[in-house]
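K.L.:
Below is one structure. I have some questions about it.
Just so you know, all these numbers are worked out from the coordinates, no wet-lab data involved. The model shown is predicted, which means the values in this text are computed figures rather than measured ones. With ideal geometry, Cβ positions are generated from the backbone for all residues, glycine too; neighbour counts draw on all protein chains shown.
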Amino acid sequence: MKSYLLALTFLFPLFAGAEPVKYADSSTIKSSAFGESREIMVSLPPSYAKSSSTRYPVIYTVRGQLDLLAVVAAINMLDSEAPEFIVVGITGSGAEFIPDEKFGETKFSRLLHSDVVPHIEKNYRTAPYSILVGHSAAGKFVTNDWLSRGDDFSSYYAISPELNDGVINARVKSMSEKSVSLKNSLLISMGNESERMQSMFDELKARKALSKNTRFVQFKDQTHMSGRVHTVIAGLRDSFKNWRPSSKVASGSLEGLQAHYSALSERYGYEVLIPLETMKRESAFHSASKIEERWHVASDIVKYALAKTPNDVDEFISIADELSDYGAIEGSQRLISFVCEQAPGHSRCANIAK
């Protein structure tokens, strides 16, 4: 497997020796649809290597060679508002995304459903929640795939789909409200586009058949290209509404956090663990408090976290050091003592009183 690299090229000699930024791995799979090998790119979440059992939802990006980076960037801009994802980019060209006159299954559709998805589900720890994303011509493909099938993915995001020819609009017009209502959710966005594109978007938005499970988002201040990141952010916030616990829950007890993420597990159909960053943040908050009752919460969080993933000891030591840097000396020492109760053999624990 070769690394798929985004090279950041600078003109200044100072940066001449800098390492290129790696955001995905590239490989090829045999495509039964096209009878040839096809490149796919896979971006794994930061925590993927830390656990051999945690499963992750998947975002499949059509025309991944151009749009995968925008999806990864959008995910990174969210602050615990959505889960971590495996992001898959599928290489493709505009002509492959055009449906035939009878809206039958195209070669690219077979590539997606028969080749790529089974390959990802076999080789990666995927959760039973997935999103299909496409932009422009690929956005038209996503919309058409939703109209043809509509339940293979948990959600569909069509970013500024090409609607100029009126084909998608005509197809929606021919479908019954009942048949459309049985499909999973679809998000259609539009940037500052041509008058023809805008009129087709407005026409779709007015269709009663799409009112139940379709969301339309307009970004008047974004271009055809810049709307990609904005759409993914808007889509994820909508798909994972109330994912992040409220401040009251987050700053409460460990039991409250567990209950919140247990409810998410039930809602989305796979085990959702309390994120490490959340546990680090809350353990620091409680350790630095002047209220002794909160110290017990911090201790509970550290104990729970390190029982799940013992290798995260340094993560909590690091957040304790940050507390010290900000002048919360007592809170820092308190947090380190909680860590050392669980990992007494750590080098930082040698001088901690028993």
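K.L.:
Spelling out what I want: for every residue of the range 128-137, take phi, set θ = phi - 60°, compute 6.51 cos²θ - 1.76 cosθ + 1.60 (Karplus), and round to whole Hz; glycine and proline get x.
P.N.:
Once θ is set to phi - 60°, the couplings for the range 128-137 become x, 9, 9, 10, 9, 10, x, 10, 6, 4 Hz.
K.L.:
Charges only on Cβ, +1 for Lys and Arg, -1 for Asp and Glu: so what's the dipole of the chain about the Cα centre, in debye to the nearest 20?
P.N.:
On the way: 40 positive and 42 negative charges, 151 e Å.
That gives a dipole near 720 debye.
K.L.:
For Cα pairs less than 8 Å apart in space and 6+ apart in sequence, what is the mean separation divided by the residue count of the chain, i.e. the relative contact order in percent? Mind dumping the intermediate values first?
P.N.:
Values: 565 pairs, mean separation 40.7, N = 354.
Reported as a whole number, the value is 12 percent.
K.L.:
In sequence order, what are the phi-derived ³J(HN,Hα) couplings for the range 45-57 according to the Karplus relation 6.51 cos²θ - 1.76 cosθ + 1.60 with θ = phi - 60°, rounded to whole Hz, with x for glycine and proline?
P.N.:
x, x, 8, 4, 6, 7, 9, 9, 10, 5, 10, 10, x
K.L.:
Using θ = phi - 60° and the Karplus relation 6.51 cos²θ - 1.76 cosθ + 1.60, list the HN-Hα couplings for the range 254-269 in order, rounded to whole Hz, with x at every Gly or Pro.
P.N.:
Values per residue, Gly and Pro as x: 4, 4, x, 4, 4, 5, 4, 6, 5, 5, 5, 4, 5, 5, 9, x Hz.
K.L.:
Turning to a different aspect of this structure: Using only Cα positions of the range 58-153, each an equal point scatterer, no hydration layer, compute I(q)/I(0) via Debye at q = 0.10, 0.17 Å⁻¹ and quote the log10 values to two decimals.
P.N.:
-0.26, -0.75
K.L.:
Could you work out the local net charge near Ser247, counting Lys and Arg as +1, Asp and Glu as -1, over the other residues with Cβ closer than 12 Å to its Cβ? Intermediate results must be reported in sequence, preceding the final value.
P.N.:
Working: positive: Arg244, Lys248, Arg281; negative: Glu282.
Summing Lys/Arg as +1 and Asp/Glu as -1 gives +2.
K.L.:
Towards the positive end of the charge dipole of the range 2-239, with charges on Cβ (+1 Lys, Arg; -1 Asp, Glu), say which of Met77, Ala138, Phe103 has the farthest Cα.
P.N.:
Phe103
K.L.:
Let me understand the chain better: what is its radius of gyration from the alpha carbons, and its Dmax, in angstrom?
P.N.:
Gyration radius and largest Cα-Cα distance of the chain: 23.6, 76 Å.
K.L.:
Near Ser37, within a Cβ-to-Cβ distance under 12 Å, what is the net charge of the other residues, with Lys and Arg +1 and Asp and Glu -1? Show your work: numbers first, answer last.
P.N.:
Values: positive: Lys30, Arg38; negative: Glu36, Glu39, Asp115.
Local charge sum for Ser37: -1.
K.L.:
Taking the alpha carbon gyration tensor of the range 295-350, what are the square roots of 5 times its eigenvalues, largest first, to the nearest whole Å? Walk me through the numbers on the way to the answer.
P.N.:
On the way: eigenvalues 58, 30, 19 Å².
Each semi-axis is √(5λ); the values are 17, 12, 10 Å.
K.L.:
Angle between the Cα long axis of helix 292-308 and the longest principal axis of the chain, 0 to 90 degrees, nearest 10?
P.N.:
Result, in degrees: 60.
K.L.:
Still on this structure, please answer the following. Summing +1 for each Lys or Arg and -1 for each Asp or Glu, what net charge is found among the other residues whose Cβ lies under 14 Å from the Cβ of Ser226?
P.N.:
Values: positive: Lys220, Arg228; negative: Asp67, Glu193, Asp221.
Once positives and negatives cancel, what remains is -1.
K.L.:
Could I ask something else about it? Mind computing the radius of gyration and Dmax over the alpha-carbon atoms of the range 262-302? Å is fine for both.
P.N.:
Cα only, the range 262-302: 12.9, 39 Å (Rg, Dmax).
K.L.:
Viscosity 1.002 mPa s, temperature 20 °C: give me the Stokes-Einstein translational D for the range 145-215 in µm²/s, with Rh taken as the Kirkwood radius over C-alpha pairs. Walk me through the numbers before you get to the answer.
P.N.:
Values: Rh = 12.4 Å.
Stokes-Einstein gives a translational diffusion coefficient of 173 µm²/s.
K.L.:
While we're on this one: Which one of Gly327, Cys349, Ile233 has its Cα pushed farthest toward the positive end of the charge dipole of the range 211-354, where Lys and Arg give +1 and Asp and Glu give -1 at the Cβ?
P.N.:
After comparing all options, I get Ile233.
K.L.:
Using Stokes-Einstein with the Kirkwood hydrodynamic radius over Cα pairs, what translational diffusion coefficient do you get for the range 247-349 at 37 °C and a viscosity of 0.692 mPa s, in µm²/s rounded to a whole number?
P.N.:
Working: Rh = 13.8 Å.
Approximately 238 µm²/s, per Stokes-Einstein.
K.L.:
Another question, then. Using unit Cβ charges (K, R positive; D, E negative) and no other charged atoms, how large, in debye to the nearest 20, is the dipole of the range 59-190 about its Cα centre? Walk me through the intermediate numbers first.
P.N.:
Numbers: 12 positive and 16 negative charges, 57 e Å.
For the range 59-190, the charge dipole is close to 280 debye.
K.L.:
Would you mind classifying the range 89-239 by shape? Square roots of the alpha carbon gyration tensor eigenvalues, ordered a ≥ b ≥ c; an a/c under 1.5 is rounded, otherwise it is prolate if a/b is larger than b/c and oblate if not. Numbers along the way, then the final one.
P.N.:
Numbers: a/c = 1.41, a/b = 1.28, b/c = 1.10.
Because its axes are fairly even, with a/c under 1.5, the range 89-239 counts as rounded.
K.L.:
OK, next. Relative to the first principal axis of the alpha-carbon coordinates of the chain, what is the inclination of helix 64-77, with its axis defined by its Cα atoms, in degrees from 0 to 90 and to the nearest 10?
P.N.:
That works out to roughly 40 degrees.
K.L.:
Follow-up question, since we're still on this one. As a check on your grasp of the helix formula, calculate [θ] at 222 nm for the chain: sum -39500 (n - 2.57) over DSSP H runs of n ≥ 4, divide by the residue count, round to the nearest 500. Could the numbers behind the result be given before it?
P.N.:
Working: 14 runs with 149 residues, N = 354.
Dividing the helical sum by the residues of the chain leaves -12500 deg cm²/dmol.
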